[in-house]
Amino acid sequence: MVRIFNARKKAVEELPEVVKADAEWRKILTPEQFEITRKKGTEMPFTGKCDVPLGRGLYQCVCCGTDLFEVGRKFESGTGWPSFWEPVSELNVRIKVDKDLFMERKEVLCARCGAHLGHVFDDGPPPTGKRYCINAAALKPYAGEMKTEIATFAAGCFWHVQEQFDAVKGVVSTTAGYAGGTAKNPTYWEVHGGKTGHAESVRVEFDPSKVSYKQLLDVFWRMHDPTTPNRQGPDFGTQYRSVIFFHSKKQEKEARESKEGEGKKHRNPIVTEIVPAGEFYPAEEYHQKYYLKHGVSCRI
(Lines give C-alpha, C1' and ligand atoms only; values in the text may rest on other atoms or scores of the structure.)
Protein backbone atom coordinates (compact mmCIF):
# COMPACT_ATOMS: atom_id res chain seq x y z
CA MET A 1 0.00 0.00 0.00
CA VAL A 2 1.09 3.56 -0.73
CA ARG A 3 0.06 6.77 1.05
CA ILE A 4 -1.20 9.21 -1.61
CA PHE A 5 -2.70 12.67 -1.22
CA ASN A 6 -6.02 13.06 -3.05
CA ALA A 7 -5.98 16.72 -4.08
CA ARG A 8 -9.70 16.74 -4.92
CA LYS A 9 -10.78 15.32 -1.55
CA LYS A 10 -7.88 16.96 0.33
CA ALA A 11 -7.19 13.72 2.15
CA VAL A 12 -4.39 11.18 2.41
CA GLU A 13 -5.48 7.73 1.23
CA GLU A 14 -3.90 4.28 1.52
CA LEU A 15 -3.90 2.88 -2.03
CA PRO A 16 -2.43 -0.25 -3.57
CA GLU A 17 0.75 0.19 -5.59
CA VAL A 18 0.10 -0.07 -9.34
CA VAL A 19 2.33 -2.71 -10.94
CA LYS A 20 1.91 -3.94 -14.51
CA ALA A 21 3.99 -5.83 -17.05
CA ASP A 22 5.18 -3.91 -20.10
CA ALA A 23 2.64 -5.74 -22.24
CA GLU A 24 -0.17 -4.45 -20.02
CA TRP A 25 1.14 -0.88 -20.09
CA ARG A 26 1.35 -0.97 -23.88
CA LYS A 27 -2.37 -1.75 -24.06
CA ILE A 28 -3.37 1.42 -22.19
CA LEU A 29 -0.65 3.90 -23.26
CA THR A 30 0.28 5.40 -26.59
CA PRO A 31 3.75 4.46 -27.90
CA GLU A 32 5.08 7.88 -26.85
CA GLN A 33 3.56 7.64 -23.36
CA PHE A 34 4.99 4.16 -22.90
CA GLU A 35 8.47 5.18 -24.07
CA ILE A 36 8.54 8.17 -21.71
CA THR A 37 6.87 6.83 -18.57
CA ARG A 38 8.03 3.20 -18.62
CA LYS A 39 11.38 3.50 -20.48
CA LYS A 40 12.54 6.90 -19.18
CA GLY A 41 12.33 8.64 -22.51
CA THR A 42 12.14 12.40 -23.09
CA GLU A 43 9.83 14.18 -25.49
CA MET A 44 11.14 16.85 -27.83
CA PRO A 45 10.93 20.35 -26.30
CA PHE A 46 8.01 22.60 -27.30
CA THR A 47 6.05 19.64 -28.68
CA GLY A 48 3.92 18.50 -25.75
CA LYS A 49 0.40 19.70 -25.03
CA CYS A 50 -0.37 20.46 -21.38
CA ASP A 51 -3.72 22.23 -21.35
CA VAL A 52 -6.59 22.14 -18.87
CA PRO A 53 -10.00 23.60 -19.82
CA LEU A 54 -10.46 27.10 -18.38
CA GLY A 55 -6.96 26.96 -16.93
CA ARG A 56 -8.10 25.27 -13.74
CA GLY A 57 -7.73 21.81 -12.27
CA LEU A 58 -5.02 19.23 -11.88
CA TYR A 59 -2.51 17.24 -13.86
CA GLN A 60 -2.57 13.53 -13.10
CA CYS A 61 -0.27 10.63 -13.90
CA VAL A 62 -1.18 9.33 -17.36
CA CYS A 63 -0.51 5.77 -16.17
CA CYS A 64 -2.44 5.50 -12.90
CA GLY A 65 -4.39 8.74 -12.43
CA THR A 66 -2.52 9.90 -9.30
CA ASP A 67 -2.87 13.65 -8.68
CA LEU A 68 0.52 15.23 -9.37
CA PHE A 69 0.47 18.98 -10.01
CA GLU A 70 -2.00 21.84 -9.66
CA VAL A 71 -2.53 24.17 -12.60
CA GLY A 72 -1.93 27.17 -10.33
CA ARG A 73 1.61 25.99 -9.61
CA LYS A 74 2.65 25.80 -13.24
CA PHE A 75 4.99 28.46 -14.65
CA GLU A 76 6.63 29.29 -17.95
CA SER A 77 10.28 28.30 -17.72
CA GLY A 78 11.15 28.76 -21.38
CA THR A 79 12.62 25.25 -21.55
CA GLY A 80 9.95 23.74 -23.78
CA TRP A 81 8.60 21.38 -21.12
CA PRO A 82 5.81 21.98 -18.58
CA SER A 83 7.32 23.32 -15.35
CA PHE A 84 5.91 23.45 -11.82
CA TRP A 85 7.30 24.88 -8.61
CA GLU A 86 5.93 22.04 -6.46
CA PRO A 87 3.73 18.91 -6.64
CA VAL A 88 0.36 18.64 -4.91
CA SER A 89 2.12 16.67 -2.17
CA GLU A 90 5.55 15.23 -1.50
CA LEU A 91 3.71 11.93 -0.97
CA ASN A 92 2.70 11.71 -4.62
CA VAL A 93 6.15 11.84 -6.19
CA ARG A 94 9.43 10.05 -5.55
CA ILE A 95 12.82 11.60 -6.20
CA LYS A 96 15.60 9.29 -7.36
CA VAL A 97 19.20 10.01 -8.28
CA ASP A 98 19.63 9.60 -12.03
CA LYS A 99 23.20 9.11 -13.33
CA ASP A 100 22.28 8.48 -16.96
CA LEU A 101 23.84 10.62 -19.72
CA PHE A 102 27.08 10.88 -17.72
CA MET A 103 25.64 13.38 -15.26
CA GLU A 104 23.81 13.31 -11.95
CA ARG A 105 20.23 14.56 -11.92
CA LYS A 106 17.16 14.13 -9.72
CA GLU A 107 14.54 12.02 -11.47
CA VAL A 108 10.85 12.56 -10.63
CA LEU A 109 8.68 9.42 -10.47
CA CYS A 110 5.02 8.81 -9.71
CA ALA A 111 4.92 7.44 -6.18
CA ARG A 112 2.12 4.98 -6.95
CA CYS A 113 3.12 3.39 -10.26
CA GLY A 114 6.77 4.39 -10.67
CA ALA A 115 6.17 6.23 -13.94
CA HIS A 116 9.07 8.38 -15.10
CA LEU A 117 7.77 11.98 -15.16
CA GLY A 118 10.86 14.12 -15.65
CA HIS A 119 13.48 15.77 -13.45
CA VAL A 120 13.60 18.43 -10.74
CA PHE A 121 16.13 21.24 -10.65
CA ASP A 122 17.06 23.98 -8.16
CA ASP A 123 16.54 26.91 -10.53
CA GLY A 124 12.82 27.51 -10.11
CA PRO A 125 10.92 30.58 -8.89
CA PRO A 126 9.84 31.47 -5.35
CA PRO A 127 8.57 30.21 -3.04
CA THR A 128 10.29 26.81 -3.45
CA GLY A 129 13.11 27.60 -5.84
CA LYS A 130 12.36 24.27 -7.55
CA ARG A 131 11.62 23.52 -11.19
CA TYR A 132 9.84 20.25 -11.77
CA CYS A 133 10.55 19.78 -15.47
CA ILE A 134 7.92 17.28 -16.59
CA ASN A 135 7.13 15.54 -19.88
CA ALA A 136 3.67 16.56 -21.07
CA ALA A 137 3.11 13.01 -22.32
CA ALA A 138 3.38 11.77 -18.72
CA LEU A 139 0.46 13.95 -17.63
CA LYS A 140 -3.25 13.96 -18.24
CA PRO A 141 -5.43 16.96 -17.39
CA TYR A 142 -8.22 16.74 -14.87
CA ALA A 143 -10.68 19.61 -14.75
CA GLY A 144 -13.91 17.74 -14.15
CA GLU A 145 -17.07 19.77 -14.34
CA MET A 146 -16.21 21.84 -11.31
CA LYS A 147 -16.12 25.60 -11.77
CA THR A 148 -14.24 27.25 -8.96
CA GLU A 149 -13.81 30.79 -7.66
CA ILE A 150 -11.07 32.52 -5.70
CA ALA A 151 -11.33 34.36 -2.38
CA THR A 152 -8.50 35.92 -0.36
CA PHE A 153 -8.47 36.71 3.35
CA ALA A 154 -6.07 37.95 6.01
CA ALA A 155 -6.91 37.22 9.64
CA GLY A 156 -3.65 36.96 11.56
CA CYS A 157 -1.11 34.16 11.29
CA PHE A 158 -1.71 32.35 8.01
CA TRP A 159 -0.98 28.92 9.52
CA HIS A 160 -4.21 29.21 11.49
CA VAL A 161 -6.19 30.80 8.66
CA GLN A 162 -5.20 28.06 6.21
CA GLU A 163 -6.10 25.35 8.71
CA GLN A 164 -9.56 26.83 9.23
CA PHE A 165 -10.39 27.13 5.53
CA ASP A 166 -9.00 23.69 4.73
CA ALA A 167 -11.65 22.26 7.03
CA VAL A 168 -14.52 23.79 5.03
CA LYS A 169 -16.39 21.44 2.72
CA GLY A 170 -16.33 22.88 -0.78
CA VAL A 171 -12.90 24.46 -0.45
CA VAL A 172 -10.78 22.94 -3.23
CA SER A 173 -7.36 24.31 -2.30
CA THR A 174 -5.67 26.95 -0.16
CA THR A 175 -2.36 28.76 -0.43
CA ALA A 176 -0.67 30.71 2.34
CA GLY A 177 0.99 33.88 1.10
CA TYR A 178 1.34 37.63 1.14
CA ALA A 179 -1.12 40.24 -0.16
CA GLY A 180 -1.79 43.95 0.12
CA GLY A 181 1.79 45.18 -0.03
CA THR A 182 4.03 47.03 -2.44
CA ALA A 183 7.25 45.02 -2.74
CA LYS A 184 7.70 42.39 -5.45
CA ASN A 185 8.33 38.77 -4.42
CA PRO A 186 8.52 39.44 -0.68
CA THR A 187 10.09 36.92 1.67
CA TYR A 188 8.64 35.86 4.98
CA TRP A 189 11.23 37.78 6.97
CA GLU A 190 10.63 40.95 4.97
CA VAL A 191 6.90 40.71 5.60
CA HIS A 192 7.46 39.71 9.23
CA GLY A 193 9.61 42.80 9.71
CA GLY A 194 6.81 45.03 8.43
CA LYS A 195 8.95 46.27 5.52
CA THR A 196 6.64 45.49 2.61
CA GLY A 197 3.10 46.39 3.69
CA HIS A 198 1.87 42.86 3.04
CA ALA A 199 -0.51 40.96 5.28
CA GLU A 200 -0.15 37.26 5.93
CA SER A 201 -3.02 35.98 3.79
CA VAL A 202 -4.63 32.85 2.43
CA ARG A 203 -5.94 32.43 -1.10
CA VAL A 204 -8.93 30.09 -1.15
CA GLU A 205 -10.13 28.24 -4.23
CA PHE A 206 -13.68 27.05 -3.67
CA ASP A 207 -16.54 25.32 -5.44
CA PRO A 208 -19.52 27.72 -5.22
CA SER A 209 -21.94 24.84 -5.78
CA LYS A 210 -20.83 23.45 -2.40
CA VAL A 211 -19.95 26.52 -0.34
CA SER A 212 -20.93 30.13 -0.97
CA TYR A 213 -18.76 33.21 -0.58
CA LYS A 214 -21.11 34.35 2.20
CA GLN A 215 -20.40 31.11 4.07
CA LEU A 216 -16.66 31.68 3.68
CA LEU A 217 -17.18 35.16 5.14
CA ASP A 218 -18.89 33.56 8.16
CA VAL A 219 -15.86 31.32 8.65
CA PHE A 220 -13.57 34.34 8.32
CA TRP A 221 -15.38 36.29 11.05
CA ARG A 222 -15.42 33.30 13.42
CA MET A 223 -11.70 32.53 13.17
CA HIS A 224 -10.37 35.84 14.50
CA ASP A 225 -11.13 39.05 16.37
CA PRO A 226 -11.90 41.71 13.73
CA THR A 227 -11.89 44.54 16.29
CA THR A 228 -8.17 44.50 17.11
CA PRO A 229 -6.12 46.64 14.70
CA ASN A 230 -2.87 45.01 13.55
CA ARG A 231 -3.12 42.27 16.12
CA GLN A 232 -4.36 38.72 16.55
CA GLY A 233 -3.66 37.11 19.91
CA PRO A 234 0.04 37.49 20.73
CA ASP A 235 0.96 38.56 17.16
CA PHE A 236 1.45 42.28 16.56
CA GLY A 237 2.10 44.22 13.37
CA THR A 238 0.44 45.32 10.15
CA GLN A 239 1.21 41.88 8.66
CA TYR A 240 -1.44 40.48 11.03
CA ARG A 241 -4.20 42.94 10.13
CA SER A 242 -7.71 41.82 9.21
CA VAL A 243 -8.47 42.16 5.49
CA ILE A 244 -10.97 40.90 2.94
CA PHE A 245 -9.46 41.10 -0.55
CA PHE A 246 -12.38 41.02 -2.99
CA HIS A 247 -12.08 39.63 -6.53
CA SER A 248 -15.35 40.98 -7.97
CA LYS A 249 -18.03 43.58 -7.39
CA LYS A 250 -20.28 40.81 -6.11
CA GLN A 251 -17.70 39.77 -3.52
CA GLU A 252 -17.23 43.41 -2.48
CA LYS A 253 -20.99 43.88 -1.99
CA GLU A 254 -21.34 40.68 0.03
CA ALA A 255 -18.25 41.51 2.11
CA ARG A 256 -19.55 44.97 3.03
CA GLU A 257 -23.00 43.64 3.89
CA SER A 258 -21.41 40.89 5.97
CA LYS A 259 -19.19 43.37 7.80
CA GLU A 260 -22.19 45.55 8.61
CA GLY A 261 -24.05 42.59 10.06
CA GLU A 262 -20.99 41.40 11.98
CA GLY A 263 -20.54 44.87 13.46
CA LYS A 264 -23.79 44.50 15.37
CA LYS A 265 -22.33 41.54 17.27
CA HIS A 266 -19.34 43.42 18.73
CA ARG A 267 -19.01 46.11 21.36
CA ASN A 268 -15.95 47.62 19.66
CA PRO A 269 -15.90 48.72 16.03
CA ILE A 270 -14.68 46.31 13.36
CA VAL A 271 -11.37 47.37 11.79
CA THR A 272 -11.36 44.85 8.93
CA GLU A 273 -10.29 46.36 5.61
CA ILE A 274 -12.22 45.54 2.44
CA VAL A 275 -9.98 46.20 -0.56
CA PRO A 276 -9.51 44.95 -4.14
CA ALA A 277 -7.37 41.86 -4.52
CA GLY A 278 -4.01 42.67 -6.05
CA GLU A 279 -0.86 40.63 -6.54
CA PHE A 280 -0.72 37.54 -4.34
CA TYR A 281 2.66 35.96 -3.56
CA PRO A 282 2.66 32.36 -2.29
CA ALA A 283 4.64 31.95 0.92
CA GLU A 284 7.68 29.72 1.18
CA GLU A 285 7.00 25.98 0.96
CA TYR A 286 7.63 25.34 4.66
CA HIS A 287 4.67 27.60 5.52
CA GLN A 288 2.20 25.68 3.34
CA LYS A 289 -0.08 23.34 5.34
CA TYR A 290 2.12 24.01 8.37
CA TYR A 291 -0.37 22.41 10.72
CA LEU A 292 -0.25 19.16 8.73
CA LYS A 293 3.54 19.08 8.58
CA HIS A 294 4.15 19.87 12.24
CA GLY A 295 0.88 19.13 14.02
CA VAL A 296 0.71 22.66 15.42
CA SER A 297 -0.89 25.93 14.43
CA CYS A 298 -0.89 29.51 15.71
CA ARG A 299 -4.35 29.49 17.23
CA ILE A 300 -5.48 32.72 18.80
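The values are calculated or read from the model by the stated rules, or taken from the named source; none is laboratory data. As the structure is a computational prediction, the values presented were derived from the model and not from experiment. For neighbour counting, all protein chains shown are included, and Cβ atoms are generated from backbone atoms with ideal geometry for every residue, glycine included.
Within 16 Å of Val243 (Cα to Cα), touching a residue at least 60 places away in the same chain (Cβ under 8 Å) and not polar (S, T, N, Q): does that describe Phe165?
Details: within 16 Å of Val243 (Cα to Cα): yes; touching a residue at least 60 places away in the same chain (Cβ under 8 Å): no; not polar (S, T, N, Q): yes.
In short, no.
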**Study point:** Tally, over segment 115-142, of residues that are crowded, with 17+ Cβ neighbours inside 10 Å and either assigned to a loop (DSSP other than H, G, I, E, B) or among the acidic types (Asp, Glu) (or both)
**Key:** 6
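Table: residues versus (1) closer than 18 Å to Pro282 by Cβ; (2) touching a residue at least 40 places away in the same chain (Cβ under 8 Å).
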position	(1), (2)
Val2	no, yes
Arg8	no, yes
Val19	no, yes
Gln33	no, yes
Arg38	no, yes
Pro87	yes, yes
Glu90	yes, no
Check your understanding: Here are Gly295, Gly263, Gly278: which of them is within 21 Å of the chain's Cα centre (by Cα) and without any contact (Cβ under 8 Å) to a residue 12 or more places away in the chain?
Key -> Gly295
Exercise for review: Scan segment 98-114 for residues that are part of a loop (DSSP other than H, G, I, E, B) and farther than 21 Å from Arg8 by Cα and jot them down.
Suggested key: Lys99, Met103, Glu104, Gly114
Review point. Of everything in segment 184-213 that's among the charged types (D, E, K, R) and either under 20 Å from the mean Cα position of the chain (by Cα) or outside the structural domain of Val275 (by TED's automatic domain parsing) (or both), which residue is surrounded by the fewest Cβ atoms within 10 Å (Cβ to Cβ)?
Key: Lys184
Review point. Which of the residues belonging to segment 171-206 are at pLDDT 85 or above and closer than 20 Å to Ala11 by Cα?
Key: Val171, Thr174, Thr175, Ala176, Val202, Arg203, Val204, Glu205, Phe206
